[in-house]
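The block underneath contains the structure these notes are about, expressed in structure tokens.
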Amino acid sequence: MKKNTYRKIKKCTFDKNFPMTRKLVTLAAFFGFVAIILGAFGAHALKEVLTAEQLVSFETGVRYQMYHALFLLLISQLNVLTEKNKRTIGILTTIGIFLFSGSIFLLATQGLSGINSKFLGPVTPVGGLFLIVSWFLTAFYSMKQKNN
């Protein structure tokens, strides 16, 4: 009797030897998901209550969050980076997204919440620095790897 060949096909899963791939894809999906929601929220609900300048700032936060969600997805798939490299870049990018985009969201909507969040002004460039360093390290780690 011939064995069922369909049983030999494994489920499509992430390789358990590469846990950072799964984590980075999950983070990328989360940040992308939130960026889409916030973008729609900004384009529809906030359009009526924010000034043009505040709306542009809010959209900048959304745009950079989406850029870096896609960046995390790219990092997860780069074979030239080690798991440790991916972890470092993932942590820096996550901190950068929260500080950069998060502070922009809070600053742009402070009039709605009634909370004075002007103290977050210096946080935005710190978040940007985290994002810049994560891109730099991606290039550095990629160039550092020996050719196979």
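The values are calculated or read from the model by the stated rules, or taken from the named source; none is laboratory data. These figures come from a predicted structure and were not determined experimentally. Neighbour counts run over all protein chains shown; Cβ positions are idealised from the backbone, glycine included.
Condition check ((1) among the polar types (S, T, N, Q); (2) within 16 Å of the chain's Cα centre (by Cα)) across all residues:
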{"position": "THR82", "(1), (2)": "yes, no"}
{"position": "LEU106", "(1), (2)": "no, no"}
{"position": "LEU112", "(1), (2)": "no, no"}
{"position": "LEU131", "(1), (2)": "no, yes"}
{"position": "THR138", "(1), (2)": "yes, yes"}
{"position": "MET143", "(1), (2)": "no, no"}
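Take the residues in segment 93-121 that are of a type in the set (A, V, I, L, M) and closer than 17 Å to ALA69 by Cα, then tell me which one is surrounded by the most Cβ atoms within 10 Å (Cβ to Cβ).
Within segment 93-121, the match that is surrounded by the most Cβ atoms within 10 Å (Cβ to Cβ) is ILE97.
Just for segment 1-56: of the residues that are surrounded by 17 or more Cβ atoms within 10 Å (Cβ to Cβ) and among the polar types (S, T, N, Q), which one is modelled with the lowest pLDDT?
Applying the filter and picking the extreme gives THR21.
Quick check: is even one residue across segment 108-121 touching a residue at least 24 places away in the same chain (Cβ under 8 Å) and closer than 23 Å to THR21 by Cβ?
no
Does LEU73 qualify as being hydrophobic (A, V, I, L, M, F, W, C) and crowded, with 19+ Cβ neighbours inside 10 Å?
Criteria not met by LEU73.
List the helices (runs of 4 or more DSSP H) that sit entirely inside segment 59-145 and contain at least 1 residues that are of a type in the set (Asp, Glu).
83-108
Condition check: surrounded by 14 or more Cβ atoms within 10 Å (Cβ to Cβ) and in contact with a Ser or Thr (Cβ under 6 Å, 6 or more places away or on another chain). Does TYR64 satisfy that?
When the stated conditions are applied, TYR64 passes them.
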